[in-house]
Amino acid sequence: MIIIGIDPGKNGAAVAYDGCLKIVVRHCLFRKESFNDFLLKIIAMEKEIKIVIEQVGSRPGQNAKSTFTFGREIGKIEGIIEANLKQEEIVYVWPQTWTSFYSAFFAVVKGKKKSCYAVEKIFPDNEEVRKIKAHDGASDALLIAYYYSRIDVKKKRQGISLAFSRKTNN
């Protein structure tokens with residue numbers, strides 16, 4: 001199964017992570033590559049895909065225009081997913097939830113580089129990771145996908161459904 005972690009922020013990115021092989025298959029920086037092209041390449045490689053998107057909302061001090069622009073970008077991402085992956089499940093996870101999973105790593109480094117540090121420590125020998133570890137959006141996306149892979153395995157062992165998922169309407 002390929003898990004696509006998505007960080008929809010200003011420096012947003014998507015990372016395709018193979019939970020079985022524990023490798024990063026491909027990544028997409030939204031400012032440099034079409035997310036639609038990225039998703040089509042992943043679909044061609046794998047039949048079972050899970051999309052995990054960071055659940056976001058407006059932040060204190062953010063003006064209406066930037067909040068609207070941010071919401072529009074997330075809507076584009078969701079539209080591309082739903083147009084290409086009918087009947088697929090999209091999982092949303094709050095930043096506080098997935099970042100708490102990495103609290104030991106985040107305690108060592110502060111600021112934007114904490115995700116890059118965690119990725120470097122969790123995936124020290126992965127060639128594709130070397131390409132993305134300096135980009136905080138791609139690092140976040142990989143950590144989101146890895147978080148889901150670890151939580152999904154744990155929940156399946158316990159026979160508990162994931163409380164933070166929702167089925168897309170198709």
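With viscosity set to 1.306 mPa s and temperature to 10 °C, compute the Stokes-Einstein D of the range 1-151, Rh being the Kirkwood radius across alpha carbon pairs; µm²/s, no decimals. Don't jump to the answer; show the numbers that get you there.
Values: Rh = 15.5 Å.
Using the Kirkwood radius from Cα pairs, D works out to 102 µm²/s.
Total Lys pairs in the range 1-67 closer than 20 Å by alpha-carbon, pairs eight or more apart in sequence or interchain only?
On the way: Lys10/Lys32; Lys10/Lys65; Lys22/Lys41; Lys22/Lys47; Lys22/Lys50; Lys32/Lys41; Lys41/Lys50.
So the count of such lysine pairs works out to 7.
With r as the distance between the Cβ atoms of Ser100 and Lys41 and R0 = 30 Å, compute the FRET efficiency 1/(1 + (r/R0)^6) and round to 0.05. Provide the component values of the computation, followed by the final result.
Values: r = 32 Å, r/R0 = 1.07.
That gives a FRET efficiency of 0.40.
What number comes out for accessible area per residue over the range 1-118 if the probe is 1.4 Å? Units Å², please. Intermediate values should be presented prior to the final figure.
Working: 6420 Å² over 118 residues.
Averaged over the residues of the range 1-118, the accessible area is 54 Å².
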Once amide hydrogens are built 1.01 Å from N within the peptide plane, the residues lying 5 or more places from Tyr92 or on another chain with amide H under 5 Å from its amide H are Ile53, Arg166
Just to make sure I understand: if all protein chains stay in place, what is the order of Met45, Met1 by accessible area at 1.4 Å, largest first?
Met45, Met1
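Loop-only trypsin sites (Lys or Arg not before Pro) in the range 14-109, please: DSSP not H, G, I, E or B, and at most 13 other Cβ atoms within 10 Å. Display every interim value, and only then the final one.
Numbers: sites: Lys22, Arg26, Arg31, Lys32, Lys41, Lys47, Lys50, Lys65, Arg72, Lys76, Lys86; in loops: Lys22, Arg31, Lys32, Lys47, Lys86.
Qualifying residues, ordered by number: Lys22, Arg31, Lys32, Lys47, Lys86.
The values are calculated or read from the model by the stated rules, or taken from the named source; none is laboratory data. On a predicted model such as this, the values are computed, not experimentally measured, just so you know. Positions of Cβ are backbone-derived with ideal geometry, glycine not excepted, and every protein chain shown enters the neighbour counts. We work out accessible area using only protein heavy atoms, side chains counted, and drop any ligands, DNA or RNA first. Shrake-Rupley method; radii C 1.70, N 1.55, O 1.52, S 1.80 Å.
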